[in-house]
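Trainee: Take a look at this one; I'll ask things after.
What follows is calculated from the coordinates using simple rules that are stated; it is not laboratory data. From a predicted model like this one, the values you see are computed outputs, not experimental measurements. Don't worry about glycine lacking a Cβ; one is built from the backbone with ideal geometry, like all the others, and counts go over all protein chains shown.
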Amino acid sequence: MGWVMLAAIGIATVALLWLLGVPRTLWMFAGAAVMLGATGYALQGSPMLPGHPVSREAEIREIDQGLLELRHQMFGHITFANAYLVASDALARAGRTRSAVSVVLGGIRHSPRDIALWTGLGLAYTEHDDGYVSPAARMAFEHAIELAPGHPGPPFFYGMALVRAGEFAAARPYWQRAVQLAPKDAKYRDGLRLRLQLLDQFLAAENGNP
């Protein structure tokens with residue numbers, strides 16, 4: 001379908017040039033522009049796929065700004081990791097979750113021991129799988145915990161992913177660990193404790209112990 005549309009554009013361009021009386025010596029410039037567009041389409045597009053309307057509203061995703069700020073507080077504003085994570089956030093917000101994962105993987109290739117990137121990879125995989133914590137996401141979170149067993153960030157965000165997936169009981173030990181590892185003077189520590197308390201209340205109510 002894409003090639004048909006491209007051919008139609010080329011024919012329309014020639015017809016328009018003829019109707020406007022443009023000298024044929026100048027047609028080569030218009031032809032070059034069309035060929036340049038065709039080359040770009042062939043390299044970056046999917047000309048063999050059928051055309052279909054795209055709903056922009058369906059592509060836009062909400063990103064929890066509070067969690068982004070918490071991520072900055074917990075991991076620090078690391079220039080290298082932050083650049084990849086911000087780019088990944090922007091792609092995920094636009095609905096391009098596969099590209100969001102690829103961006104974080106690119107950062108990990110340059111810095112394979114960066115716990116912020118490994119944690120971000122787990123979140124990116126979860127976002128790409130519509131909230132499901134896949135084996136790939138679990139591997140990313142667990143590797144981040146392995147790299148920095150004393151850091152509260154990886155277990156907290158692992159627990160957050162599990163909570164969003166509805167795995168509340170499985171999330172609790174990770175949040176408890178995050179609270180235990182958080183520095184006493186950290187601004188975000190009270191927020192972690194509050195989330196753990198709310199989770200405990202929910203689990204108690206779920207088990208019939210209000």
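Trainee: Return, ordered by residue number, the residues of segment 104-127 whose backbone nitrogen is under 12 Å from a label point located 7 Å along Cα→Cβ of F80.
Mentor: Residues 107-117 qualify, since their backbone N sits under 12 Å from the label point.
Trainee: What FRET efficiency do you get for D129 and K187 if R0 is 25 Å and r is their Cβ-Cβ distance, rounded to the nearest 0.05? Intermediate values should be presented prior to the final figure.
Mentor: Numbers: r = 31 Å, r/R0 = 1.25.
E(calc), rounded to 0.05, equals 0.20.
Trainee: Can you compute the modelled spin-label distance between H72 and L198, with each label point 7 Å from Cα toward Cβ, in nm?
Mentor: Computed distance between label sites H72 and L198 equals 2.1 nm.
Trainee: Also, quick follow-up: What three numbers, in Å, describe the spread of the alpha carbons of segment 57-167 along their principal axes, ordered from the longest?
Mentor: Projected onto its principal axes, the Cα set of segment 57-167 covers 40, 32, 24 Å.
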